[in-house]
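**Student:** Dumping the structure here so I can ask a few things about it.
Each reported figure results from applying straightforward, stated rules to the coordinates on display, with no laboratory input. Remember, it's a predicted structure, so these values are computed and weren't measured experimentally. Here the Cβ positions follow ideal geometry from the backbone for every residue, glycine too, while neighbour counts run over all protein chains shown.
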Amino acid sequence: MAQRFEIAEGDTAPSVKMRVEERDYNGDWDGVDLTGATVTFKMANSAGTLVVNSAGSVDATANVTGVVQYDWASGDTATAGTYTAEFDIVTASARRMTCPANKRDKLYVIINADVG
């Protein structure tokens, strides 16, 4: 199911966060241990042009439960619109993951126009 994150134009908070999960041997979903992982946050406009391609981070308080985040930089949310986004992750053991991994689970970032 698609996920939506909304923020006002020009804002830099709150951070966008996502939980990275994988199935365990019982078929249950568990958070991926991201201790030592590197994270890149990518966001593209409706034409598919990357407008953000920056280092993200692993939530230090939740690194063993698979939470990644991106703290907005000045200018990232300067233009209102609907964007698609993803986190690219390389674990400490060099496993590469993209989250979300499939189209039906897309992450949409909606930047709402500021009223004044």
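**Student:** For Asp59, which sequence-distant residues (separation of 5 or more, or a different chain) have an amide H within less than 5 Å of its own amide H, given hydrogens modelled in the peptide plane?
**Tutor:** The answer is Val67, Val68, Gln69.
**Student:** Just subtract the alpha-carbon distance of Tyr108 and Arg19 from 0.36 nm times their residue separation and send over the number in nm, one decimal.
**Tutor:** 30.5 nm
**Student:** Taking θ as phi - 60°, what are the ³J(HN,Hα) couplings along the range 5-15 by the Karplus curve (6.51, -1.76, 1.60), each to the nearest whole Hz, with x for Gly and Pro?
**Tutor:** Result, rounded to whole Hz: 10, 10, 8, 7, 3, x, 7, 10, 9, x, 5.
**Student:** Could you work out how far the C-alpha centroid of the range 7-29 sits from that of the range 40-54, in angstrom?
**Tutor:** Here the two parts' Cα centres lie 17 Å apart.
**Student:** OK, next. Residue separation times 0.36 nm, minus the C-alpha to C-alpha distance between Trp29 and Thr79: what's the value?
**Tutor:** 14.4 nm
**Student:** Can you sort Asp28, Asp76 by how many other beta carbons sit within 10 Å, fewest first?
**Tutor:** So the ranking, lowest neighbour count to highest, is Asp28, Asp76.
**Student:** If each of Arg4 and Asn45 carries a label point 7 Å out from its Cα toward its Cβ, how far apart are those two points in nm?
**Tutor:** Result for the modelled spin labels: 2.2 nm.
**Student:** Which peptide among 35-43, 103-111 comes first, and what is the full order, when sorted by highest mean count of other Cβ atoms within 10 Å?
**Tutor:** Descending mean neighbour count gives 35-43, 103-111.
**Student:** I need the fraction of alpha carbon pairs in the range 3-112 separated by more than 21 Å, rounded to a whole percent.
**Tutor:** 34
**Student:** OK, next. Can you check what the net charge comes to around Thr77, using other residues whose Cβ is under 10 Å from the Cβ of Thr77 (Lys, Arg +1; Asp, Glu -1)?
**Tutor:** Charge balance in the 10 Å sphere: -4.
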